[in-house]
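Worksheet: the structure to be examined is printed underneath.
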Amino acid sequence: SINAYVSMWLKVHYPLEYYIALLNNSTATDIGHFMKTAKVSGIEFKEFVVGNSDINFSIDEGSSIRIGLSIVKGLASKDYENIIELNKCNDVNELVKTIKKVKITKRSFEPLCRLGYFKNIFENSAMLEKILNEIKVKKKTVIGDEIEQITSEEVEDYSDAQKLAFEKKYLQFYLSKHPFEQFRDFIEREEPEMLETMLSPKQTNDLEDGKYIVYGVITDIIMKKSKNTGREYFRLLLEDDEQHVFVTVFNVVDIKDIGEGDLVIIETSKNNFGFAKGSKSRIYKFS
């Protein structure tokens, strides 16, 4: 009770410090949820780009929160200080030269490129990744000339779908815009009457038993095994931009064409054990 009271007092009177402490001591899967909660409370986060970040979450000039490099899954911790050094870079030549000079590893610059971390210096992240990979292996380079030569070849930047997939891969949550929002916006624009017949996870609280059509983004597929029969079944973690819900699927055939990141509509039945796909229903994959 005392801990709950103190936490609430800190949340009300020192919200920035409260959320920074929370975010810096949370697992990757919880960080996305706490960032959403903080945003709902009116707290702003600096864009996650070079020049705006620290190693951990921190206060930026007393009014917003800087996102920490530590949220990036697989980032080499030995590179943290050197990546912070890149905050001083003003153009792509200086950026590439510094990355090569301080020996930031591919393990670090690859996910940062794919997350758009350098987009305020060089907009085409796919091209920048190509530049860094090619220059890294050369012992002697004239940075400006090499960059000009490489950029003479056309390289298409990552698509919006790829960028979202990279966020999920390297952060374990969606940092920019949740794909569910695009999904919902498309349905609202093309088939608005469909929204009246479907429920997203945040609309499934306190429902009575019955049949429901649920929709959202698959963020995990978990294989289970029945203790009584030994038969395998699957639990789909279905997510919208705020909450998630599990949907049980008993037949492997039903999931053979779907995977993480897919946007789906599922006809389900609900009982005390939760949601389950109906035996005679199907999973509609949105593409």
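The values are calculated or read from the model by the stated rules, or taken from the named source; none is laboratory data. Just so you know, these numbers come straight off a predicted model, no measurement behind them. Note that we place each Cβ from the backbone using ideal geometry, even for glycine, and neighbour counts take in every protein chain shown. We work out accessible area using only protein heavy atoms, side chains counted, and drop any ligands, DNA or RNA first. Shrake-Rupley method; radii C 1.70, N 1.55, O 1.52, S 1.80 Å.
Details
- Positions within the stretch 43-78 being within 18 Å of Ser26 (Cβ to Cβ) and of a type in the set (Val, Ile, Thr), in sequence order: Ile43, Ile55, Ile59, Ile65, Ile67, Ile71, Val72
- Residue in the stretch 72-83 that is surrounded by fewer than 12 Cβ atoms within 10 Å (Cβ to Cβ), farther than 24 Å from Leu164 by Cα and basic (Lys, Arg) present: no
- Under the condition of being at pLDDT below 90, surrounded by 17 or more Cβ atoms within 10 Å (Cβ to Cβ) and of a type in the set (Lys, Arg), the residues counted in the stretch 146-178 number 1.
- Scanning the stretch 188-206 for residues that are closer than 15 Å to Phe275 by Cα and surrounded by fewer than 13 Cβ atoms within 10 Å (Cβ to Cβ) yields a total of 2.
- Sole exception among (1) surrounded by 12 or more Cβ atoms within 10 Å (Cβ to Cβ); (2) more than 12 Å from Thr219 (Cβ to Cβ); (3) of a type in the set (Asp, Glu) for Asp257, by number: (1)
- Evaluation of Glu94 against the conditions (1) surrounded by fewer than 19 Cβ atoms within 10 Å (Cβ to Cβ); (2) free of Cβ contacts under 8 Å to residues at least 40 places away in the same chain; (3) farther than 30 Å from Gln149 by Cα shows that the sole unmet condition is (3).
- Of all residues making up the stretch 260-278, the number that are surrounded by fewer than 18 Cβ atoms within 10 Å (Cβ to Cβ) and over 14 Å from Phe234 (Cβ atoms): 7
- Among the candidates Gly261, Gly278, the residue that is touching a residue at least 60 places away in the same chain (Cβ under 8 Å) and within 17 Å of the chain's Cα centre (by Cα) is uniquely Gly261.
- Scanning the stretch 257-282 for residues that are modelled with pLDDT under 90 and over 21 Å from Ala161 (Cα atoms) yields Asn272, Phe273, Gly278, Ser279, Lys280, Ser281, Arg282.
- Close Cβ contacts (under 8 Å, 6 or more residues apart or on different chains) running from residues in the stretch 235-253 that are within 10 Å of Ala276 (Cβ to Cβ) to residues that are open to solvent by 30 Å² or more (accessible area, probe 1.4 Å) and part of a loop (DSSP other than H, G, I, E, B) comprise Thr248/Phe273; Phe250/Arg231; Phe250/Ser279.
Residue-wise test of (1) polar (S, T, N, Q); (2) open to solvent by 50 Å² or more (accessible area, probe 1.4 Å).
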{"site": "Ser1", "(1), (2)": "yes, yes"}
{"site": "Val12", "(1), (2)": "no, yes"}
{"site": "Ile20", "(1), (2)": "no, no"}
{"site": "Ser26", "(1), (2)": "yes, no"}
{"site": "Thr29", "(1), (2)": "yes, yes"}
{"site": "Ile43", "(1), (2)": "no, no"}
{"site": "Phe48", "(1), (2)": "no, no"}
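- Taken together, Met194, Met198 contain a single residue that is among the aliphatic types (A, V, I, L, M), free of Cβ contacts under 8 Å to residues at least 12 places away in the same chain and more than 26 Å from Leu175 (Cβ to Cβ), which is Met194.
- Scanning the stretch 122-171 for residues that are of a type in the set (Lys, Arg), in contact (Cβ under 8 Å) with a residue 12 or more places away in the chain and either in a loop (DSSP other than H, G, I, E, B) or in contact with a strand residue (DSSP E or B) (Cβ under 9 Å, 6 or more places away or on another chain) (or both) yields a single hit, Lys168.
- Sole residue being touching a residue at least 40 places away in the same chain (Cβ under 8 Å) and in a helix (DSSP H, G or I), chosen from Leu22, Leu16, Leu10: Leu16
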